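The values are calculated or read from the model by the stated rules, or taken from the named source; none is laboratory data. Just so we're clear, the structure is a prediction, and the values are computed from it rather than from any experiment. Backbone-built Cβ (ideal geometry, glycine too); neighbour counts: all protein chains shown.
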């Protein structure tokens, strides 16, 4: 089923009943579909995904839910940080320290 939906250009995540928390009804699965740019997220897209999924799934499994997500809405936030630290060091010419000169 994953290959059938990917052939339409969709990203596919199949969530089996045992992968849910709390666990779902045995024999069921959900679909998370990533809809790429250029596709409308509407009833026609939903119907097409459902038709292909129902045709490609095995007989004993039951489709419980379909979630369509537009491609731009699944990006995860990127966080970054930087820490700097240092010591100020003064370098004197050779022989100056302890010479008693206050120049």
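When we screen 55, 23 for residues that are closer than 17 Å to residue 2 by Cα and out of contact with any strand residue (DSSP E or B) (no Cβ under 9 Å at 6 or more places or on another chain), the only hit is 55.
One residue stands out in segment 27-45 among those that are modelled with pLDDT of 85 or more and either assigned to a loop (DSSP other than H, G, I, E, B) or touching a strand residue (DSSP E or B) at 6+ places or on another chain (Cβ under 8 Å) (or both): the one that is farthest from residue 10 (Cα to Cα), namely 27. Please determine whether any residue of segment 78-86 is more than 34 Å from the chain's Cα centre (by Cα), farther than 20 Å from residue 15 by Cβ and modelled with pLDDT under 85. Yes, segment 78-86 contains at least one residue that is more than 34 Å from the chain's Cα centre (by Cα), farther than 20 Å from residue 15 by Cβ and modelled with pLDDT under 85.
When residues in segment 5-31 are screened for being surrounded by fewer than 16 Cβ atoms within 10 Å (Cβ to Cβ) and either farther than 14 Å from residue 66 by Cβ or out of contact with any helix residue (DSSP H, G or I) (no Cβ under 7 Å at 6 or more places or on another chain) (or both), 15 of them pass.
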